[in-house]
1. Please give the charge dipole size of the chain, origin at the Cα centre, charges +1 on K and R Cβ atoms and -1 on D and E Cβ atoms. Round to the nearest 20 debye.
2. Using packing as a proxy for protection, rank 99-110, 231-242 so that the peptide with the highest average count of other Cβ atoms within 10 Å comes first.
3. Classify the range 28-341: rounded, prolate or oblate, from the alpha-carbon gyration tensor (a ≥ b ≥ c, eigenvalue square roots; a/c under 1.5 rounded; otherwise prolate if a/b is larger than b/c)?
4. So how strong a dipole does the range 1-90 carry about its Cα centre when Lys and Arg Cβ are +1 and Asp and Glu Cβ are -1, to the nearest 20 debye?
5. With a ≥ b ≥ c taken as the square roots of the eigenvalues of the C-alpha gyration tensor of the range 204-324, please select rounded if a/c is under 1.5 and otherwise prolate if a/b is larger than b/c or oblate if it is not?
6. What does the net charge come to around Y87 if you take all other residues with beta carbon closer than 11 Å to its beta carbon, with K and R at +1 and D and E at -1?
7. Which trypsin sites (Lys or Arg not before Pro) does the range 54-84 hold that lie in a coil by DSSP with at most 14 other beta carbons within 10 Å?
8. Can you compute 3J(HN,Hα) from phi for each residue in the range 34-39, using the Karplus curve 6.51 cos²θ - 1.76 cosθ + 1.60 with θ = phi - 60°, rounded to whole Hz and x for Gly and Pro?
Amino acid sequence: MAMKFERMLPLPQEVKEKYPISYQAAQTKEKVDSEIKNILTGEDDRLLLIIGPCSADNEEAVMEYVHRLKEVQEMVRDKILFIPRIYTNKPRTTGEGYKGMFHQPDPSAKPDLLKGLLAIRELQSRVLEETGMPIADEMLYPSNYEYLSDILSYIAVGARSVENQEHRLVSSGVTTPVGMKNPTSGDFIIMLNSIHAAQSKHSFAYRGWEVETTGNPLAHAIIRGSVSKHGVSVPNYHYEDLELLYAMYAKSNLENMALIVDCNHSNSGKKYLEQSRICKEVMHYCKHNHDLQTMVKGFMIESYLEDGSQKIGEGIYGKSITDPCLGWDKTKELILDIAESR
């Protein structure tokens, strides 16, 4: 067998017992989870803004970013609810490169998954404890969800994972909202099928157990653009795309029609400065079409302290080492523009 078993990782319950969150943090999370649910179901007309670094690579830089975000949240709370992106697992197209804090708590050192596991729980716990803000992460490895299930308020299933059976079935047993991205092919039907699977009941094997799930009515869509057979980014946030998705969504009879627009990735062609324009463009569409206004619940923005990205080892504090991000000044300007136009 071409696999070396290095060591057993601790069970999720063991990690939670050793590194618990406080009662106050748990109560705060319960309250904000209710707010997120109300936005996705249409009971609250605020927008969700799932915003933060492409990957959480440095604890102190991430904490500084989130504390800045918290200050702006107080200014726009009546219009927008922030869910900071604390993404600790990074999918890699070829399998090479930095795979996130879970793999490498120190990006310049070799992988150490035990240290990484404890590092991501510490970081996400700090965000919740110090700011009271909800936390979003990507479900790259479904079996790892239980390590953070008491902390996370929002989960995304990526474009390369959304067709995977395990991701779909585990999402059906999660109580927090799960955003299903369209696959890299851009196929809306695949995305809607994944939402259907996540909203349904299932029986399957998970972490060595036979489990049953009740279905997750808060599973919803995220559009992030697609990639053509020639490797060219193809956006899918335009008016005609949104009209088509609304019609397909309505026909599917899924619960809680809800859409988050990812303004980066293939929608921007990874031109991070385009995120502001894309966000404003979609908001303009919604002002002129009530159906789109009811469907679009918010945006996903990749943002950090500094504009752009850098290579590992360059050492620029608060600058992404994966996909390029919108810097803080432009981020704050965009947030205030969104709030003003609501």
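Read-outs throughout are calculated quantities, based only on the coordinates presented, and are distinct from any laboratory measurement. Every value quoted in this text rests on a predicted model; they were computed, and no experiment measured them. FYI the Cβ positions are ideal-geometry reconstructions off the backbone, even for glycines, and counts take in every protein chain you see.
1. Working: 39 positive and 48 negative charges, 116 e Å.
With Lys and Arg at +1 and Asp and Glu at -1, about 560 debye.
2. Numbers: 99-110: 18.2, 231-242: 15.7.
Highest to lowest by the protection proxy: 99-110, 231-242.
3. Values: a/c = 1.30, a/b = 1.09, b/c = 1.20.
It is rounded, given that a/c, with a ≥ b ≥ c, falls under 1.5.
4. Working: 14 positive and 16 negative charges, 57 e Å.
Using Cβ point charges on Lys, Arg, Asp and Glu, the range 1-90 gives about 280 debye.
5. Values: a/c = 2.05, a/b = 1.19, b/c = 1.72.
Verdict is oblate for the range 204-324.
6. Neighbourhood net charge equals -3.
7. On the way: sites: R68, K70, R77, K79; in loops: R77, K79.
For trypsin sites (Lys or Arg not before Pro) across the range 54-84 that sit outside H, G, I, E and B with at most 14 neighbouring Cβ atoms in 10 Å, the list reads R77.
8. Coupling constants for the range 34-39: 5, 5, 4, 4, 5, 5 Hz.
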